[in-house]
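The values are calculated or read from the model by the stated rules, or taken from the named source; none is laboratory data. The structure presented is a predicted model; accordingly, all values stated were derived computationally and were not measured. We place every Cβ from the backbone using ideal geometry, glycine too, and count neighbours over all the protein chains shown. All accessible areas refer to the heavy atoms of the entire protein, side chains included, with ligands and DNA or RNA removed. Shrake-Rupley method; radii C 1.70, N 1.55, O 1.52, S 1.80 Å.
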Amino acid sequence: MAVMSFGHTIPVTVPCPTIRLDLPQIDGPPLVEVWTADKPVAMRESAGCSMAMTDDVVIGSIRLDERSGVLLDATTYAGYRNLLQQLRLLGYPHLWRIWNYFPRINDDQDGLERYRRFCVGRHQALTESMTDYPTALPAATAVGTRSGPLQIVFLAGAHPATHLGNPRQLNAYEYPSDYGPRSPSFARATVTRSAHDTRLYIAGTASIVGHLSQHAGLPMEQTRETVRNLRAVFNQAKHVTGADLTEAQRQAMYKVYIRKPDSLPDIRRALHDSPLSTHHLVFLEGDLCRRELLMEIEGLISSESFPS
Ligand code: 3EB
């Protein structure tokens, strides 16, 4: 359905949406992310937007070039409004998972950090057009790329998903205004179920407890705190859905976003002592949405054997 690459070009031509992100892979052989379906897929291309869909799910991306003189909140608002409208028209009105990528995430633009401007535009579009704000907000990631347009990568469904919070963390959509004029619009995790499997999509998770960043300047400690948050999300998923993820965790896939590649050894060491060490990990260089955050982890855990 779609192919995603990180900092390198995709070596073959593929008949589906390709999403290129300038997030250099820090180690290991170059990987691409491939989304597949076991039923017929239809593709759709329009200006800056490409998607692939089956009868119950759509995946795709919107690319928004930033024009000079236009602030990131306006660009983000327009992109999200367009996305939500298209998804509704096509019959996939339920957001399942969103990834947001754009350059210079921590730079100021006209007196406000670009991440905060992004949050303002996203919040405006979502509060205007979502029927169930904030409970229908999906898990998300927002990471700073080295270059490129604003890219909104989306997974949406014909039927709703279940969105979860993390008891160790305040819901991001309830963060106080110290973190920006509008709160970040996302859930800590999303659970989807089909006839074949149950999936847990874990949002970008960082060293934040309550709403406060922990362990500034300490990548190893931040990693340990992040792993505690991931474990809390697992427990919450089990509690809310009855899904036991213990077995499925073996096939879990994680992206570890790292601000400075030289903290990789510390982060690896911290992960080595955690249950994540035996899972599929890819390390990507990217900037995080708070200056003090040095790393962030997102995950996808699928199981064919959950009780439904
Ligand atoms: C946090 O918990 C860390 O704005 O979409 C993580 C995942 C973070 C998604 C977003 C932000 C976002 O607030 C940052």
Does region 168-183 include one or more residues that are open to solvent by less than 40 Å² (accessible area, probe 1.4 Å), within 20 Å of N82 (Cα to Cα) and modelled with pLDDT of 95 or more?
no
Identify the single condition in (1) part of a helix (DSSP H, G or I); (2) small (G, A, S); (3) over 25 Å from E285 (Cβ atoms) that A243 does not satisfy, given that it satisfies every other one.
(1)
Residue that is small (G, A, S) and either over 20 Å from the mean Cα position of the chain (by Cα) or away from the ligand (no atom under 15 Å from the Cβ) (or both), where the choices are S263, S207
S263
When (1) farther than 13 Å from E221 by Cα; (2) within 16 Å of the ligand (Cβ to nearest atom) are applied to E296, the one that fails is (1)
Going by what's in this entry, would I202 be described as out of contact with any Lys or Arg (no Cβ under 6 Å at 6 or more places or on another chain), assigned to a helix (DSSP H, G or I) and either farther than 17 Å from L137 by Cβ or at pLDDT 95 or above (or both)?
no
Of the conditions (1) open to solvent by 10 Å² or more (accessible area, probe 1.4 Å); (2) more than 17 Å from L230 (Cβ to Cβ), H279 fails just one. Which one is it?
(2)
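Condition check ((1) basic (K, R); (2) over 24 Å from T192 (Cβ atoms)) across all residues:
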| position | (1), (2) |
| --- | --- |
| I19 | no, no |
| D22 | no, yes |
| D27 | no, yes |
| A37 | no, no |
| S50 | no, no |
| D56 | no, no |
| R63 | yes, yes |
May I ask you to verify whether R104 is among the charged types (D, E, K, R), in contact (Cβ under 8 Å) with a residue 40 or more places away in the chain and within 22 Å of V256 (Cβ to Cβ)?
yes
Which numbered condition G60 misses (of (1) open to solvent by 40 Å² or more (accessible area, probe 1.4 Å); (2) touching a Lys or Arg at 6+ places or on another chain (Cβ under 8 Å); (3) not in a helix (DSSP H, G or I))
(1)
Could you figure out which of (1) open to solvent by less than 10 Å² (accessible area, probe 1.4 Å); (2) among the hydroxyl-bearing types (S, T, Y); (3) within 22 Å of M130 (Cβ to Cβ) isn't true of T223?
(3)
Here's a check for you: in region 8-35, which residue that is assigned to a loop (DSSP other than H, G, I, E, B), modelled with pLDDT of 95 or more and among the aliphatic types (A, V, I, L, M) is surrounded by the fewest Cβ atoms within 10 Å (Cβ to Cβ)?
I26
Take region 110-138 and flag every residue that is over 17 Å from the mean Cα position of the chain (by Cα), closer than 16 Å to S177 by Cβ, open to solvent by 60 Å² or more (accessible area, probe 1.4 Å) and within 15 Å of the ligand (Cβ to nearest atom).
Q124
Which one of S302, S213, S274 is under 18 Å from R193 (Cβ atoms), open to solvent by 10 Å² or more (accessible area, probe 1.4 Å) and either among the hydroxyl-bearing types (S, T, Y) or within 16 Å of the ligand (Cβ to nearest atom) (or both)?
S302
